[in-house]
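What follows is calculated from the coordinates using simple rules that are stated; it is not laboratory data. In this text the structure is predicted, and so the values were computed from the model without any measurement. Note: ideal-geometry Cβ built from the backbone for every residue, glycine included; neighbour counts use all protein chains shown.
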Amino acid sequence: MVGSTVSVIGHELETVPFTNRCRSIWERGDHALIGVSPGNSYFSRHRLAALACWADRFFESIDIVYADMHLEAVLTAIGYTPGHARRKSRKELEGVRRRIRRAMEQLECTAARIGVSALSDFLSTPAYRDLHRTVEQSVRSDDVLRSACEKMVDQFIAGKIPGGSRPTPEQHRSGMDYLLAEMPFFVDTPSILGVGSSASCYHTLMPLTPVLFSSREGLRAVDNQGYLLVRPPGIPGQRDPGENTAAEGDLHS
């Protein structure tokens, strides 16, 4: 798929829609979701500000949602003592909140349309709870979906284990809980946030992306949910989303 590159507050950002349908959602411009992971050095204050300003150019509303659930359990599972895991989790979450806050302060765009939330803020939202149950059930019954989730969890946990060891069953369970908490936003952000359509914006393709945005049977992203790669141009090792769209048959994102 052909994308475009723009410059925002000193950062070049390339935007590549995962499918033609994703392009249509981008062009519609209702809502952008920027997901942020704690402890991920990619999400610096300056890059977060650039992402927000990029989204401000194309979308009517923007939400930044950072993952804050199950992090302490993941840290405990990979070997931190409970006390150390609690302190490290708190430190990483304070760090991501600080970076987001400082990014908002340096914006050269309209910050009033940008919402900032923790993932846990949605635990009382009926649409989120319903989607979370659906995701859990689908992962248990859908071999293709489960395999993609397991691959993501393995990558996530392996990056945190010294020496690159294989995750243990306990580590894998904690990583799966972390992922399942995020998945409702990959599937149906519009119903959670009450927007007409939404594009999830991330800097890399996930193993889940081609599964959720394909024409296969099983759990899929809804028709008004899109996926955009938004990243500095020329990141090595990134696949062009066009590789996944040859048999599009209307892939969702």
Point to revise | Karplus-derived 3J(HN,Hα), 6.51/-1.76/1.60, for each residue of the range 18-35, Hz, glycine and proline x | key: 5, 9, 4, 5, 4, 4, 4, 5, 4, 5, 5, x, 6, 7, 10, 10, 10, x
Review point. At q = 0.09, 0.15 Å⁻¹, what base-10 log of I(q)/I(0) does the Debye formula yield for the chain when every alpha carbon is treated as an equal point scatterer in vacuo?
Key: -0.38, -1.14
Review point. Distance in nm between label sites at SER141 and ARG97, each 7 Å beyond Cα in the beta-carbon direction?
Key: 3.9 nm
**Study point:** Simple label model, 7 Å out from Cα along Cβ direction - ARG87 to ILE161, nm
**Key:** 2.6 nm
**Study point:** Antiparallel content of DSSP bridges confined to the chain, in %, to 5
**Key:** 30 percent
Practice item. Pop a pseudo-label 7 angstrom from the Cα along the beta-carbon direction at both SER44 and LYS151 and give the gap in nm to one decimal. Key: 3.1 nm
Study note, to complete from the structure: Neighbour-count ranking for SER147, SER89 (other C-beta within 10 angstrom, fewest to most) reads SER147, SER89
Study note, to complete from the structure: Extension length gain for ILE9 and GLU217 (0.36 nm per residue less Cα distance), in nm, is 70.7 nm
